[in-house]
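K.L.:
Just dropping this structure here.
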Amino acid sequence: MKLGLRDKGMLLISQLLIKLGRLRYDQFSADELNVLLSENLPQSFPLAIPAGQAHVAVNSGKLTFNAPDNRLCIQLLASITINVAETTIYRAHLIITLSASPDYNKHESTLYFTEKQVDNIIMVNDDYALLKDTQFLLSRFVPGNLDSLLGRSLKNILSLVTVGTSDQAVEYLKLYLSGSKQAVLDFHKPQIEKAILDKMATLPLHHIMREDQWREVLFARYGKTVRVEPSSLRFYF
């Protein structure tokens, strides 16, 4: 066992309290769990788009508790940036809310998180938000004077922007000509959700009780279930 003398004493006392029925659970606060969360941040990933490059960066996160549904929730502060022809045409701060349910396997002494899902993705309307307007886009990407575009159809103009690459790229850039930041985000929400869940699948989102932490040694020996409470993640003996 990798415990010091003091920790061994705490372990013995706690074991006695459990046997006497005086100690029913241990618990971890949001602050304690946020320390563990910060070890897996920041994260980033690209989004595949028909024209240009898109990138999402997850910078920080904060844990909250949903006791009625036994869900551990994470609010992530993220940003999305979209560049076309080496120009940033869209950017925004996002709040992404995830949730999962704790599931403790006492035979493996391991805490798993199951039923992971993205609950919400909302845009923060702050000074960081950017959407280039229609005139800027056309003047940036279409050579010559804008007066030369008079009489052309929107599809024809956008074909110049994308150098005739594809109808899909043309349809995509119409999102920006609408002038709606929310419309652009709504288009990308399914991609962001999938990318986050794919990223979560690559992270070690389980926790094996460690032999050098007396509280975890105690739970490995006597732990039965883990539940989300109003202000803590509680480990029941």
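The values are calculated or read from the model by the stated rules, or taken from the named source; none is laboratory data. As the structure is a computational prediction, the values presented were derived from the model and not from experiment. With ideal geometry, Cβ positions are generated from the backbone for all residues, glycine too; neighbour counts draw on all protein chains shown. With ligands, DNA and RNA removed, areas are computed over all heavy atoms of the protein, side chains included. Shrake-Rupley method; radii C 1.70, N 1.55, O 1.52, S 1.80 Å.
K.L.:
Quick check: is even one residue across the stretch 131-151 over 28 Å from the mean Cα position of the chain (by Cα) and at pLDDT 80 or above?
P.N.:
No, there is no match, as no residue in the stretch 131-151 is over 28 Å from the mean Cα position of the chain (by Cα) and at pLDDT 80 or above.
K.L.:
Can Glu229 be described as at pLDDT 80 or above, among the acidic types (Asp, Glu) and under 26 Å from the mean Cα position of the chain (by Cα)?
P.N.:
yes
K.L.:
Going through the stretch 51-71 one residue at a time, which ones are of a type in the set (A, V, I, L, M, F, W, C), assigned to a loop (DSSP other than H, G, I, E, B) and surrounded by fewer than 18 Cβ atoms within 10 Å (Cβ to Cβ)?
P.N.:
Within the stretch 51-71, just Ala67 meets the criteria.
K.L.:
When the residues of the stretch 28-82 are filtered to those that are among the hydroxyl-bearing types (Ser, Thr, Tyr) and touching a residue at least 40 places away in the same chain (Cβ under 8 Å), which remaining residue is nearest to Glu171 (Cα to Cα)?
P.N.:
Result: Ser79.
K.L.:
Output the residue which, of all residues in the stretch 177-219 that are surrounded by 13 or more Cβ atoms within 10 Å (Cβ to Cβ) and touching a Lys or Arg at 6+ places or on another chain (Cβ under 7 Å), is farthest from Gly9 (Cα to Cα).
P.N.:
Once the filter is applied, the top-ranked residue is Leu197.
K.L.:
Something else about it: Name the single residue that is least open to solvent (accessible area, probe 1.4 Å) among those in the stretch 5-27 being part of a helix (DSSP H, G or I) and of a type in the set (Lys, Arg).
P.N.:
Per the criteria, the residue is Lys8.
K.L.:
Say we look at the stretch 72-86 and pick out the residues that are of a type in the set (Gly, Ala, Ser) and surrounded by 15 or more Cβ atoms within 10 Å (Cβ to Cβ); which of these is farthest from Gln117 (Cα to Cα)?
P.N.:
Ser79
K.L.:
Taking the condition of being in a strand (DSSP E or B) and open to solvent by 70 Å² or more (accessible area, probe 1.4 Å), how many residues in the stretch 28-49 meet it?
P.N.:
1
K.L.:
Also: Collect the residues in the stretch 115-130 that are open to solvent by 50 Å² or more (accessible area, probe 1.4 Å) and either in a strand (DSSP E or B) or in contact with a Cys (Cβ under 6 Å, 6 or more places away or on another chain) (or both), keeping them in residue-number order.
P.N.:
The answer is Glu115, Lys116, Gln117, Asp119, Asn120, Ile122.
K.L.:
Taking the stretch 198-226 as the search range and keeping residues that are of a type in the set (A, V, I, L, M) and in a loop (DSSP other than H, G, I, E, B), which one is farthest from the chain's Cα centre (by Cα)?
P.N.:
Restricting to residues being of a type in the set (A, V, I, L, M) and in a loop (DSSP other than H, G, I, E, B), the top hit is Met209.
K.L.:
Residues Pro42, Pro50, Pro68, Pro46: which one is more than 16 Å from the chain's Cα centre (by Cα), under 29 Å from Lys181 (Cβ atoms) and not acidic (Asp, Glu)?
P.N.:
Pro50 is the lone residue from the list that is more than 16 Å from the chain's Cα centre (by Cα), under 29 Å from Lys181 (Cβ atoms) and not acidic (Asp, Glu).
K.L.:
Does Ile89 meet the test of being β-branched (Val, Ile, Thr), modelled with pLDDT under 95 and surrounded by 15 or more Cβ atoms within 10 Å (Cβ to Cβ)?
P.N.:
Taking the combined requirement at face value, the residue satisfies it.
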